[in-house]
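Worksheet: the structure to be examined is printed underneath.
Derivation of every value follows stated rules applied to the coordinates shown; laboratory data play no part. Computed from a predicted model, the values in this text were never measured in an experiment. Reconstructed Cβ throughout: ideal geometry from the backbone, glycine too, with neighbour counts over all protein chains shown.
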């Protein structure tokens, strides 16, 4: 059977859908490569770990940065993912009129419990945009996939960091134990 043609959406069209009530801000969808992708509601482990990670990163980064959770991140006019946590240069007031982009990001984090395939797919969008570091916190495996060196649509380097090791924070020169990221 022939696959039906799809009509991709842009970020501006999604904003307009929100304005007129076609979409609602509390809907669990993300714009990825022009498609509105339904994402699973978060369970208690997922949402709590996002807060744990946000707090760890807030303490580590401090002035000159801010840490966002579950907030849109402009990758392109066809992709507006909402990472679980992101570290952004500057103060939040600088983004009242527009979402941060890869040039503003230091680190993007996705917490994966049941969402590993989607979160690995998101790595491509973050790499295409040039996000310098992407963490996929793999909760069931008790490890973090650290992706760096974005080149085209991929990261040139992926390192697996286990629960008994530590993660180096970009632009800070400090480390955070993976166990702490996993809530231990």
*Among 145, 163, 91, which one moves the most in a GNM of the chain with springs linking Cα atoms closer than 10 Å?*
91
*asked:* Is the C-alpha gyration tensor of segment 42-181 telling us rounded, prolate or oblate? Criteria: a/c under 1.5 is rounded; beyond that, a/b larger than b/c is prolate, otherwise oblate.
replied: rounded
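Rounded, prolate or oblate: which fits segment 35-88 when a ≥ b ≥ c are the square roots of the eigenvalues of the alpha-carbon gyration tensor, with rounded for a/c under 1.5 and prolate only if a/b beats b/c?
Verdict is oblate for segment 35-88.
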*In the chain, what percentage of the DSSP-assigned beta bridges are antiparallel, given to the nearest 5?*
85 percent
*In a GNM of the chain with a 10 Å cut-off on Cα contacts, which of 65, 125, 73 has the highest mean-square fluctuation?*
65
*If you count, for each residue, the other Cβ atoms within 10 Å and average over each peptide, how do 104-113, 23-32 line up from highest to lowest?*
104-113, 23-32
_Rounded if a/c under 1.5, otherwise prolate or oblate - segment 109-184, Cα gyration tensor axes_ = oblate
*Express as a percent, rounded to the nearest 5, the fraction of DSSP beta bridges in segment 33-122 (both residues included) that run antiparallel.*
90 percent
_Part-to-part distance (alpha-carbon centres) for segment 82-122 and segment 127-184, which is given in Å_ = 13 Å
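Of the peptides 168-175, 10-17, how do they stack up when ordered by the mean number of other Cβ atoms within 10 Å, highest first?
The peptides rank, most packed first, as 10-17, 168-175.
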_Nitroxide proxy distance, nm - points 7 Å out along Cα→Cβ at residue 16 and residue 154_ = 3.7 nm
*Using 0.36 nm per residue, how much length does the chain from residue 94 to residue 171 gain when fully extended, once their Cα-Cα distance is taken away?*
25.7 nm
